[in-house]
Amino acid sequence: MIRWAIFIGVFLLIDFYAFQAVKTAFRSRGVNAVYIIVSVVVLGNFIYQLQTMDRGSGLSTKINLAIGLFLTLYIPKIVIMVMMFGEDIIRLPQACYKYFAEGTAAEGNYLPSRRAFISQIALGLAAIPFASFLYGIVKGKYNFKVLKYSLYFEDLPEAFDGFKITQISDIHSGSFDNKEKIEYAVDLINEQASNVILFTGDMVNNTAKEMIPWKDTFKQLKAKDGMFSIFGNHDYGDYMRWNSEDDKKQNLEDLKNIQKDLGFNLLLNESRFIERNNQRIAIIGVENWGRGFKQKGDLKKAAIDIDKNDFKILLSHDPTHWQERVIDDDYHYHLTLSGHTHGMQFGIEIPGFIKWSPVKWRYKYWAGIYKEKGQYINVNRGLGYLAFPGRVGIWPEITVIELKKGSNSV
């Protein structure tokens, strides 16, 4: 109750400042009434949904929507608060000076009323995140992007020069709400006509049954040389309450069977080879290993059948595994494919100019291609979404990587 009281107090303070801007800019009782009603409904629904959430079923569509509306309304209000509070900081010393240097409070109001244009500027700035978050919920979450890369390796077997990989990650099927859009995404993946499709974890939010309505859609995925997958941290069912440990174990088995039904070769600290003209490349998959998350990934076990000189593609859900275990491993892992970060589903990306998201403060490698010590990692931004039911600036991603023999990466 104390935590909720503090939480409500903070957001009432934000609302107070935002309301001052609205009241000053519009000078309309009707607008004031709408502001109050919408604020009470959105904040109240957010608190209600979190308080009544069934810990045995995890995040629902209603909870996702409550989170989305809350962020859409209150992120802009924070922008307004910063502007209005900044004006207070400037005005207060001026008022104190006038009070003590020029007269008493009885002689006049030395804290002048908030200037209308400051309120208008604050509202104008707040409209940018408001419109962005609204777009992210309505359109952005299904604004699928195909990102293509060519990576060059001097020791790539000749037979695999031009070998194409499609990587998808973080499906989070429990959040989906539009079958037509997901069918479009699957068609887009198949259009890439890659040799393999590699899925790097988080098929569901919490339970295997979340994937059942989408099985027929994802069964349409196909690749010439097969499809391989791993588990992400959400696939283990760790973020909800189970009636028993047996139920949790059965859920994991159900998800394994679903992945098999979809045509994925699930790698749980295992490896497979793809062969051409008596040459081969290794596909290695580890279970989840992440800083601050489940650490079941066993790189040594996964590579037990791999020769040190094999060309290796590693599937590892969390990029912190690459950072802390893979880069300095005795085996040279040519290409690692990860996901997990979602790019926080929020940021600014202008190719060739800027790539920024608050998630960079948590993850060193958070989106796209990175190279360290002659090894590459691609951190996929994810196909789905979680909690916030949208994406702003960081769009859902399908990655296509072409392996080339040579020394000049493009």
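What the phi angles of segment 335-345 give under the Karplus curve with 6.51, -1.76 and 1.60, with θ = phi - 60°, is a coupling list of 9, 10, 10, 9, x, 6, 6, 6, x, 6, 6 Hz, glycine and proline written as x.
Taking a ≥ b ≥ c as the square roots of the eigenvalues of the Cα gyration tensor, an a/c ratio of 1.5 or more together with a/b larger than b/c marks segment 1-79 as prolate. Checking every one of the trypsin sites (Lys or Arg not before Pro) in segment 302-410 against DSSP loop status and a limit of 10 other Cβ atoms within 10 Å picks out LYS308, LYS373. Dipole check for segment 230-347: with +1 at the C-beta of Lys and Arg, -1 at the C-beta of Asp and Glu, and the Cα centre as origin, the magnitude is about 160 Debye. Based on alpha carbons, the Rg and Dmax found for segment 252-335 are 13.4, 43 Å.
Taking a point 7 Å out from the Cα of VAL82 in the direction of its Cβ, the residues of segment 119-134 whose backbone N falls within less than 17 Å of it are 119-133.
Dipole size of the chain about its Cα centre, with +1 on Lys/Arg Cβ and -1 on Asp/Glu Cβ: approximately 1180 debye, rounded to the nearest 20.
Treating each Cα of segment 318-384 as one equal point scatterer and applying the Debye formula with no solvent, the log10 of I(q)/I(0) at q = 0.17, 0.24 Å⁻¹ comes out as -0.59, -1.04. In order along segment 346-356, phi translates into HN-Hα couplings of 8, x, 10, 9, 10, x, x, 10, 8, 9, 9 Hz, rounded to whole numbers, per the Karplus curve 6.51 cos²θ - 1.76 cosθ + 1.60 with θ = phi - 60° and x for Gly and Pro. Does segment 206-297 classify as rounded, prolate or oblate by the C-alpha gyration tensor (a ≥ b ≥ c root eigenvalues; a/c under 1.5 gives rounded; else a/b over b/c gives prolate, otherwise oblate)? In terms of gyration-tensor shape, oblate.
Calculation over all alpha carbon pairs of the chain in 20 angstrom steps from 0 returns a P(r) of 24, 47, 22, 7, 1 percent.
For a straight C-alpha distance cut-off of 18 angstrom, the lysines reachable from LYS249 (same-chain residues fewer than eight places away being disregarded) are LYS209, LYS260, LYS294, LYS296. Classify segment 124-270: rounded, prolate or oblate, from the alpha-carbon gyration tensor (a ≥ b ≥ c, eigenvalue square roots; a/c under 1.5 rounded; otherwise prolate if a/b is larger than b/c)? In terms of gyration-tensor shape, oblate. For segment 1-73 versus segment 349-410, the inter-centroid distance based on Cα atoms is 33 Å. Distance distribution note for segment 253-410: the fraction of Cα pairs above 28 angstrom is 24%. Taken one residue at a time, the phi angles of segment 153-163 give Karplus couplings (6.51, -1.76, 1.60, θ = phi - 60°) of 9, 5, 9, 5, x, 3, 5, 10, 5, x, 5 Hz. Gly and Pro are set to x. Each 10 Å bin from 0 upward holds the following percent of the Cα-Cα pairs of segment 218-265: 24, 45, 23, 7, 0. In the chain, the calculated helix contribution to ellipticity at 222 nm averages -12500 deg cm²/dmol per residue, counting -39,500 (n - 2.57) for every DSSP H run with n ≥ 4. Close amide H pairs (under 5 Å, H built 1.01 Å from N) link GLN192 with no residue at least 5 positions away or on another chain.
This model, with +1 at the C-beta of Lys and Arg and -1 at the C-beta of Asp and Glu, gives segment 1-85 a dipole about its Cα centre of some 160 debye.
No lab work stands behind these numbers, since they all come straight from the coordinates. Not measured: the values here are computed from a predicted model. When we count neighbours, we look across all protein chains shown, and the Cβ atoms used for this are built from the backbone with ideal geometry, even at glycine.
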